[in-house]
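Enquirer: Handing you a structure now.
The values are calculated or read from the model by the stated rules, or taken from the named source; none is laboratory data. Since this is a predicted model, take the numbers as computed values, not measurements. Reconstructed Cβ throughout: ideal geometry from the backbone, glycine too, with neighbour counts over all protein chains shown.
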Amino acid sequence: MTQQTLPTVLDRNIAPQLRPINHIAFLAPAIYNLKNGAKLFWRNGLQNETSKIELHFAAGSATGDPLTASLCAGLLINGTAQKTAKQIQKALDAVGAYYDVSLSQETTVVTLYALKDQLLKAYQIFHESLFGATFPPKELQELVHERSQKFKIQQQKVSFLAQRFFQRSLFAGSVYAQQIQLEDFQNADRTAIQAFHEQHYLKGLKKVFLIGDVSEDTLDSFQDLLNVFESNTKERKPFEWKPEAGATHIEQEGALQSAVRIGRPLFNKTHPDFCAFSVLNTILGDYFGSRLMSNIREDKGYTYGIGSHIVENNNFGYFVIGTEVGVQTRTATFIEIQKEFERLQTELVTDAELELVKSYLMGQLLKSADGPYAMLDLFANVETLGLDLSFYDRYIAEIKAVDAQKLQALAQRYLNWDQMLIISAG
Amino acid sequence: MIHFERFTLDNGLRVLFHKEPATPMAVVNLVYDVGARDENPAQTGFAHLFEHLMFGGSVHIPDFDAPLQAAGGQSNAFTSNDITNYYDVLPAHNLDTALWLESDRMLSLAFTPKSLEVQRQVVIEEFKQRYLNQPYGDAWLQLRPLAYQKHPYRWATIGKNIKHIADATMDDVRAFFQKHYHPGNAVLCIVGNFELADIQQKVQHYFGDIPAQTKIARQLPQEPTQKRFRQKVIVRKVPADSFYYAFQMGKRLDNDYYLADLLSDHIGNEKTGLLFTELQRKKRLVSEITAYITGSIDNGLFVITGKINPNRTLMELDDALWPLLEKYKAKKMSKPALQQLILKLQTAKAFQDQGLLSRAMNLSFFELLGDAALINQESARFSSIQTTDLQTYAQQLFDKNRCALLQIQAQLP
């Protein structure tokens with residue numbers, strides 16, 4: 001790094017000179033084609049002892065009945081014909097391993113963390129449990145009970161109520177609108193869970209990400225183990241949006257705050273407007289200095305936080321604003337959000353604000369690419385959409401190129417208040 | 001092993017530098033030795049409110065965030081009962097921007113009556129969002145004054161009640177700054193691919209002229225050893241009864257901390273822990289149960305908490321828990337079980353140490369505790385623990401006379 005010369009006397013009124021980010025190197029992992037057709041992506045060169053393996057299965061909440069998918073994921077490592085849940089957990093404890101299972105709409109990601117010398121050993125235990133899961137009735141009964149108790153607590157949270165209603169309305173008429181109801185828990189069906197496991201896990205391996213400085217031999221052993229899964233996954237057909245815009249309020253007696261979700265269908269990274277819209281979204285609500293934060297938190301004090309986001313899935317993307325505001329300032333908040341949409345539609349963003357947001361986004365991208373774990377996540381985010389790392393070079397070029405006119409046109413096209421779903425609870 | 005360099009400016013600012021050649025980013029972490037425990041009992045929530053005001057502009061810079069964002073960086077902060085920690089993460093080549101911003105707000109704040117008014121309101125909304133508008137959200141607001149009667153840990157970081165925040169004046173806030181925000185009361189840690197000489201020069205350049213101020217020795221009333229069991233029952237509109245058994249434990253640097261950390265994992269783990277296997281699975285009294293420690297700098301709490309199953313009662317749980325703890329005290333943990341616990345902790349630590357920010361925060365925290373090098377002794381402190389130590393400690397810890405119990409009872413419809 002070249003050294004910047006500091007002036008001898010500090011003038012605190014003058015900001016240090018900024019230097020732009022000229023280049024970010026994006027590194028692809030090594031790719032192995034498993035015999036079953038799934039791909040294994042491997043990243044090494046960590047310079048530390050950590051490692052993890054991440055299995056992606058076509059077993060998300062929308063790939064079947066959402067309760068079945070959720071319970072199946074919850075019971076994956078909870079007993080085989082040979083071992084009880086407790087025995088499995090003890091075996092994983094003995095090698096210091098951790099795991100988590102996370103369910104999204106299309107995919108379930110099962111991640112195992114361990115020190116690199118223990119990873120294969122941990123995975124062997126894990127693999128046997130996942131592959132040979134028997135879903136013991138007793139474990140199922142316990143999980144159903146625990147989940148329904150947690151569900152009752154969730155139902156008292158305004159954020160949970162607003163989010164659920166928002167999702168249901170946004171995805172109206174599609175599989176994504178299906179949600180677990182409290183009364184569903186009593187109909188949990190072990191046979192359906194077993195069938196789901198068979199179809200979506202044993203036959204549904206989509207890809208595997210491995211990170212850590214393991215040996216080539218270890219890598220071969222992983223491949224042998226992973227090959228016992230089949231990979232008969234098919235992509236879902238694109239679906240049609242049919243949400244009805246408009247406002248709905250869910251009253252909750254005694255609430256001090258209302259949770260708010262405002263949004264609309266949008267697109268994911270595969271759409272030509274994605275990069276430019278990312279800039280617009282950041283200006284509106286996706287960083288601490290955003291217009292929504294400056295207005296609704298830092299000027300009015302209506303909320304602890306407010307943000308806008310682009311949420312992506314393999315098939316689609318949507319736009320959403322989320323916040324929790326005092327019950328008595330809910331309507332005022334709506335008016336201010338609407339004003340911010342209109343400002344973006346009618347006034348050009350100033351050069352200063354645009355430059356700031358561009359630099360901010362570049363810095364955040366540099367951070368997102370920092371280190372093997374972060375880089376592998378960046379890769380996974382585009383790979384899943386059928387894109388490659390060249391997307392980020394394009395993203396940088398488009399961010400640099402976008403101007404105020406383009407942003408105004410995007411605001412006019414995508415940020416119309418009367419096209420928004422407006423949900424509040426509390 | 002986390003390597004670091006250390007130097008102190010003439011004005012008393014302690015500085016740590018941790019070189020990480022593999023990153024294009026830099027972390028600037030600045031911890032101030034002030035937390036909610038340093039507040040006046042009649043003006044609680046100030047350390048945290050103050051943290052919000054630190055983003056409201058400083059003497060030469062009207063807006064803290066914009067210059068940092070323009071440099072490609074971002075910033076945040078948190079306040080605990082012990083400390084207030086600010087951090088900036090930005091591209092390494094713009095390190096100066098973070099040092100310029102942090103040094104200016106250490107020098108002097110310039111917030112306006114408007115920013116105080118707005119941040120008071122923001123904090124009140126935070127109070128509602130986190131503590132009042134959530135089921136069980138106020139549990140710690142209730143538990144703290146039950147478990148602590150003398151020590152200022154008896155109030156939460158957010159404050160005893162909203163009124164203390166609503167009543168904060170410009171003068172109060174200015175006085176708080178003058179007392180706690182000065183170089184001798186802070187630790188600065190920089191992480192990134194830099195050279196030490198460069199860091200020394202830059203830190204001297206930006207922070208060197210901030211006037212020194214005498215650090216006032218902290219004199220907090222320490223919590224006496226509890227003599228008798230305490231219990232409080234509150235009724236709330238919640239879906240299930242819940243309980244918080246809080247046992248008195250030692251300070252962050254005491255042996256207690258390491259013993260309690262292992263014990264809480266041992267009895268509290270899901271699937272294999274004693275609480276889960278006996279009370280959740282075997283006796284079916286609870287739908288969830290766990291154990292954890294607060295890990296505070298002064299005497300902390302070891303907490304057993306969970307939720308009661310429908311048709312079971314808080315009393316049934318209580319009747320089952322005490323004999324279970326007695327049984328646990330009577331039995332020594334096996335050596336392999338202890339080794340597993342330690343291996344799991346070390347694995348978790350290896351993952352935690354991956355993050356630049358986490359390294360910067362931990363180094364700063366240990367320096368504030370007396371010596372950043374303590375960070376590299378943590379592992380050995382865990383490894384040196386013997387099974388007999390754990391048993392002896394469990395016998396001392398699980399003493400009903402040193403327990404405060406908060407029960408939240410579901411309101412009948």
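Enquirer: If I go through segment B:282-310 residue by residue, how many of them are in contact with a helix residue (DSSP H, G or I) (Cβ under 7 Å, 6 or more places away or on another chain), of a type outside the set (Asp, Glu) and within 28 Å of A:Gly74 (Cβ to Cβ)?
Expert: Number of matching residues: 12.
Enquirer: What is the residue count in segment B:172-223 for residues that are closer than 30 Å to B:His151 by Cβ, in a helix (DSSP H, G or I) and either outside the structural domain of B:Trp155 (by TED's automatic domain parsing) or not β-branched (Val, Ile, Thr) (or both)?
Expert: The number of residues fulfilling the criteria is 11.
For (1) assigned by TED's automatic domain parsing to the domain that holds A:Lys35; (2) buried (at least 21 other Cβ atoms within 10 Å of the Cβ), each residue gets a yes or a no:
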residue: A:Gln199; (1), (2): yes, no
residue: A:Gly212; (1), (2): yes, yes
residue: A:Glu240; (1), (2): no, no
residue: A:Ile250; (1), (2): no, no
residue: A:Gly254; (1), (2): no, no
residue: A:Asn268; (1), (2): no, no
residue: A:His271; (1), (2): no, no
residue: A:Ala276; (1), (2): no, no
residue: A:Asn281; (1), (2): no, yes
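Enquirer: Additional query: In segment B:70-91, what residues are outside any loop (DSSP other than H, G, I, E, B), facing another protein chain (nearest Cβ under 7 Å) and hydrophobic (A, V, I, L, M, F, W, C)?
Expert: B:Ala70, B:Val89, B:Leu90
Enquirer: Applying the selection to segment B:75-125, what residues are among the small types (Gly, Ala, Ser) and in contact with a strand residue (DSSP E or B) (Cβ under 7 Å, 6 or more places away or on another chain)?
Expert: Matches in segment B:75-125: B:Ser75, B:Ala77, B:Ala92, B:Ala98, B:Ser108, B:Ala110.
Enquirer: Of the conditions (1) within 27 Å of the chain's Cα centre (by Cα); (2) surrounded by fewer than 16 Cβ atoms within 10 Å (Cβ to Cβ), B:Asn311 clears all except one; give me its number.
Expert: (1)
Enquirer: Restricting segment A:84-108 to residues that are in a loop (DSSP other than H, G, I, E, B) and either over 30 Å from A:Val175 (Cβ atoms) or touching a Cys at 6+ places or on another chain (Cβ under 8 Å) (or both), which is nearest to the other protein chains (Cβ to nearest Cβ)?
Expert: Step by step, filter segment A:84-108, then rank; the result is A:Gly96.
Residues are listed down the side, and each one gets a yes or a no for (1) buried (at least 18 other Cβ atoms within 10 Å of the Cβ); (2) among the hydrophobic types (A, V, I, L, M, F, W, C); (3) facing chain B (nearest Cβ under 10 Å):
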site	(1), (2), (3)
A:Ser129	yes, no, no
A:Ala133	yes, yes, no
A:Leu140	yes, yes, no
A:Val158	yes, yes, yes
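Enquirer: Suppose we filter segment B:1-44 for residues that are under 23 Å from B:Gln178 (Cα atoms), small (Gly, Ala, Ser) and within 14 Å of chain A (Cβ to nearest Cβ); how many remain?
Expert: The qualifying residues number 0.
Enquirer: Something else now. Can you tell me which of (1) surrounded by fewer than 22 Cβ atoms within 10 Å (Cβ to Cβ); (2) modelled with pLDDT of 95 or more is the one B:Leu116 doesn't meet?
Expert: Here B:Leu116 clears every test but (2).
Enquirer: I would also like to ask the following. Between a residue in segment A:160-182 that is outside the structural domain of A:Ser148 (by TED's automatic domain parsing) and farther than 16 Å from A:Glu244 by Cα and any residue that is crowded, with 18+ Cβ neighbours inside 10 Å and of a type in the set (Phe, Trp, Tyr), which pairs come within a Cβ distance under 7 Å, given they are 6 or more apart or on different chains?
Expert: If the second residue must be crowded, with 18+ Cβ neighbours inside 10 Å and of a type in the set (Phe, Trp, Tyr), no pairs are left.
Enquirer: Within segment B:260-309, work out how many residues are of a type in the set (Gly, Ala, Ser) and part of a loop (DSSP other than H, G, I, E, B).
Expert: 4
Enquirer: If we keep just the residues of segment B:217-259 that are out of contact with any Leu (no Cβ under 7 Å at 6 or more places or on another chain) and of a type in the set (Gly, Ala, Ser), which is surrounded by the fewest Cβ atoms within 10 Å (Cβ to Cβ)?
Expert: Among them, the one singled out is B:Ala217.
Enquirer: Among the residues of segment B:110-142 satisfying the criterion of being of a type in the set (A, V, I, L, M, F, W, C) and touching a Lys or Arg at 6+ places or on another chain (Cβ under 8 Å), which is farthest from the other protein chains (Cβ to nearest Cβ)? Lay out the reasoning, then the answer.
Expert: Of the residues in segment B:110-142, the ones of a type in the set (A, V, I, L, M, F, W, C) are B:110-111, B:116, B:118, B:122-124, B:127, B:132, B:139-141.
Then keep just the ones that are touching a Lys or Arg at 6+ places or on another chain (Cβ under 8 Å); that gives B:118, B:122, B:141.
Details: B:Val118: 4, B:Val122: 5, B:Leu141: 14 Å.
Out of the qualifying residues, it is B:Leu141.
Enquirer: If you go through segment B:327-342 one residue at a time, do you hit one that is closer than 22 Å to A:Ser51 by Cβ, in contact (Cβ under 8 Å) with a residue 24 or more places away in the chain, within 10 Å of chain A (Cβ to nearest Cβ) and surrounded by 15 or more Cβ atoms within 10 Å (Cβ to Cβ)?
Expert: Scanning segment B:327-342, I find at least one residue that is closer than 22 Å to A:Ser51 by Cβ, in contact (Cβ under 8 Å) with a residue 24 or more places away in the chain, within 10 Å of chain A (Cβ to nearest Cβ) and surrounded by 15 or more Cβ atoms within 10 Å (Cβ to Cβ), so the answer is yes.
Enquirer: Among the residues in segment B:102-109, are any under 18 Å from the mean Cα position of the chain (by Cα) and more than 13 Å from chain A (Cβ to nearest Cβ)?
Expert: No, segment B:102-109 contains no residue that is under 18 Å from the mean Cα position of the chain (by Cα) and more than 13 Å from chain A (Cβ to nearest Cβ).
Enquirer: Does segment B:372-383 contain at least one residue that is buried (at least 20 other Cβ atoms within 10 Å of the Cβ), closer than 18 Å to B:Gly250 by Cβ and at pLDDT 95 or above?
Expert: Scanning segment B:372-383, I find no residue that is buried (at least 20 other Cβ atoms within 10 Å of the Cβ), closer than 18 Å to B:Gly250 by Cβ and at pLDDT 95 or above, so the answer is no.
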